[in-house]
Amino acid sequence: MIIQSINSGGPIGCGGWGCRNADGTETRSVNTNEFYEVGIDLAAVGFTGCINSFLPHTRSSQSFTASLKDFELIQFNTCKPSTSLTKSVDKTEITVGDSVTYTYKEKNDGQAPLTNPFVTDDKCSPVTYASGDTNNNGVLDQGEEWTFTCTLSNITQETTNTAIGHGTFTVGGKSQDVTFCDDPTAPPPSTRCDQDERATATVKVKTPGTILNKSAVPTVTTTVSYGYTEANAGAVSLGPPQPGNLSSFVNDSLCATVVYTGGDVNSNGMLDPGEIFSFTCTKIFNGPGTFTNVAVGHGIDNLGRDVTFCAPGDSTSGKFCDARETDTKTVSVTVTVSGGK
């Protein structure tokens, strides 16, 4: 698009040797409709680049009618450097003591190449170049995206770290560091602020933890030896309930094997009046607990009756009841558990 301007609104001021009338005399104004200026709207015609110099020509200051004398290349930079830094981490949640690797992407999305591109990180060092310099010229050219990496080891707490990108922009012999500024309205010396040159990443840390509780259910093995005596306090000899087995004079509710140990003075196999037979039995209890056992004596009289203890409600058929023919013992096994939570 061509833009033109004419001083159709009236004369405009003019100064210098170039302001002259057609006859060569100097003038201080340009008459109405005699000043004509033309320009091209580059954006309107699709131009997306930038200009860093132009070539003007000059005329000799000696005479308005002098011929073209020289050209001069002048810096006229409109190119704007711009970069964008992004940051990622391979693991956003770790177990305490683990390591992570950060990846940084520094992209030149501006209109000028940048030399000496690098990245710093406030908690990870060194940040190392990995790839992206497609033409291997050591310059972050327009459209290039360089990759950097850094590994942080033995992380013990949640960590948020900040990375800052840098690149040098040079024009007209003047160099500036293109980077993030804490206060873009007051950049440090030789710095061109680019607020896209800062990126952060957070790593959360999980801490292992266990709680041990202990309970005790003790089992105590206790061996108890019982002793029994069966005395014939009557006037009738008694035989064993099981003929020939003197151990059968006594049975026990918890101790199964009652063993005769002596007392048959005349060795006739009978519990005669006045004799006292002895018995033993050994029992193993698994505690803790309270264990009550009942021993009952027996003997067969000359009428074939069992002389024994008769519990209330028991049938008395074939028996001669004697309340003295029983005895009870209780064993208590206890364990004390202490300590812990």
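The values are calculated or read from the model by the stated rules, or taken from the named source; none is laboratory data. Values in this document were obtained by computation on a predicted structure and should not be read as measured data. Don't worry about glycine lacking a Cβ; one is built from the backbone with ideal geometry, like all the others, and counts go over all protein chains shown.
Checked against (1) surrounded by fewer than 15 Cβ atoms within 10 Å (Cβ to Cβ); (2) at pLDDT 90 or above; (3) small (G, A, S), A201 passes all but a single condition, namely (1).
Of the residues F148, F169, the single one that is crowded, with 16+ Cβ neighbours inside 10 Å, free of Cβ contacts under 8 Å to residues at least 60 places away in the same chain and among the aromatic types (F, W, Y) is F148. Checking the stated criteria, L238 turns out to be assigned by TED's automatic domain parsing to the domain that holds G289, over 18 Å from T83 (Cα atoms) and buried (at least 18 other Cβ atoms within 10 Å of the Cβ). There is at least one residue in region 117-140 that is within 30 Å of S53 (Cβ to Cβ), more than 32 Å from the chain's Cα centre (by Cα), small (G, A, S) and not in a strand (DSSP E or B). Is it true that S225 is outside the structural domain of G262 (by TED's automatic domain parsing) and within 24 Å of T290 (Cα to Cα)? Against the criterion (outside the structural domain of G262 (by TED's automatic domain parsing) and within 24 Å of T290 (Cα to Cα)), S225 does not qualify.
Restricting I211, I276 to those that are surrounded by 11 or more Cβ atoms within 10 Å (Cβ to Cβ) and of a type in the set (V, I, T) reduces the list to I276. Put simply, of N302, N293, N268, N286 the only residue that is part of a strand (DSSP E or B), exposed (fewer than 15 other Cβ atoms within 10 Å of the Cβ) and of a type outside the set (K, R) is N286. Evaluating S131 against the criteria (1) under 19 Å from L85 (Cα atoms); (2) surrounded by 11 or more Cβ atoms within 10 Å (Cβ to Cβ) leaves one unmet condition, (2). Of everything listed in (1) more than 30 Å from V203 (Cα to Cα); (2) part of a strand (DSSP E or B); (3) at pLDDT 95 or above, the single unmet condition for F148 is (1). Cβ-Cβ contacts under 6 Å between residues 6 or more apart (or on different chains), taken from a first residue in region 5-17 that is modelled with pLDDT under 80 to a second residue that is in a loop (DSSP other than H, G, I, E, B) and surrounded by fewer than 10 Cβ atoms within 10 Å (Cβ to Cβ), are absent.
Scan region 182-198 and give yes if some residue there is surrounded by 13 or more Cβ atoms within 10 Å (Cβ to Cβ) and under 30 Å from Y260 (Cβ atoms), otherwise no. Within region 182-198 (the criterion being surrounded by 13 or more Cβ atoms within 10 Å (Cβ to Cβ) and under 30 Å from Y260 (Cβ atoms)), the answer is no, since none of the residues qualifies.
For beta carbons closer than 6 Å, sequence separation of 6+ or different chains, a first residue in region 294-307 that is assigned by TED's automatic domain parsing to the domain that holds C281 and within 16 Å of A323 (Cβ to Cβ) and a second that is small (G, A, S) and surrounded by 21 or more Cβ atoms within 10 Å (Cβ to Cβ), the qualifying pairs are V307/G299.
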